[in-house]
Amino acid sequence: MSRNANYRLGLALAAGTVLFLVLGIGALGIIGEGGSNDRMYLAVPAVLLIGSVVARLQPRGMALGLAATAVTQVVVGLVAIGRGLHASPGASVLEIMGLTCMYAVMFAASAWLFQRAAEQESPALASARR
């Protein structure tokens, strides 16, 4: 696959995952039946936004930003369980960690696509950006 295709797929997967996460928080809730507990998951798209701005949408930086986003997703899930939110009505450790890992894997796959795009970058283009 070409650099451009990997970059586009990575971008589409990241955007789709963020949309899926935000809609999941708003419509159904990740922790139980929804509510204010799910707001902590908004830190995940915030990390992605900050990482994208810092990376200036360059493939190598986006790969790092999305890796940080995947880690943030897992940390938020662990914090939710650590705070005892798995005891909320309609919630369980399995549901919280299952959804958390699903989103984290999607962000990690996007990071991998960006890393592949960065590896396929031409040497002349890479040196011009430095």
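The values are calculated or read from the model by the stated rules, or taken from the named source; none is laboratory data. Here the structure is a predicted model, which is why all the values come from computation and not from measurement. Cβ sites come from the backbone with ideal geometry, for glycine too, and all protein chains shown count toward neighbours.
Just checking, how many residues over segment 4-44 are of a type in the set (Ser, Thr, Tyr) and surrounded by fewer than 18 Cβ atoms within 10 Å (Cβ to Cβ)?
Result for segment 4-44: 1.
So which residues in segment 87-130 are of a type in the set (D, E, K, R) and at pLDDT below 90?
The answer is GLU121, ARG129, ARG130.
Can you list the helices (runs of 4 or more DSSP H) lying wholly within segment 37-130 that have 2 or more residues being within 18 Å of the chain's Cα centre (by Cα) and within 13 Å of THR17 (Cβ to Cβ)?
43-55, 59-82, 93-119
Those residues that are in contact with an Asp or Glu (Cβ under 7 Å, 6 or more places away or on another chain) and loosely packed, with under 15 Cβ neighbours inside 10 Å, I need them from segment 59-105; list them, please.
PRO89, GLY90
So which residues in segment 1-36 are over 16 Å from the mean Cα position of the chain (by Cα) and within 24 Å of ALA80 (Cβ to Cβ), if there are any at all?
Selection gives GLY26, ALA27, LEU28, GLY29, ILE31, GLY32, GLU33, GLY34, GLY35, SER36.
Among what's in segment 17-36 and is in a helix (DSSP H, G or I) and in contact (Cβ under 8 Å) with a residue 60 or more places away in the chain, pick the residue that is nearest to SER110 (Cα to Cα).
THR17
Against the definition (out of contact with any strand residue (DSSP E or B) (no Cβ under 9 Å at 6 or more places or on another chain), under 23 Å from GLN115 (Cα atoms), aliphatic (A, V, I, L, M) and in contact (Cβ under 8 Å) with a residue 12 or more places away in the chain), how does VAL75 come out, yes or no?
no
Which count do you get for residues in segment 8-34 that are under 18 Å from PRO59 (Cα atoms) and not aliphatic (A, V, I, L, M)?
Residues meeting the conditions: 4.
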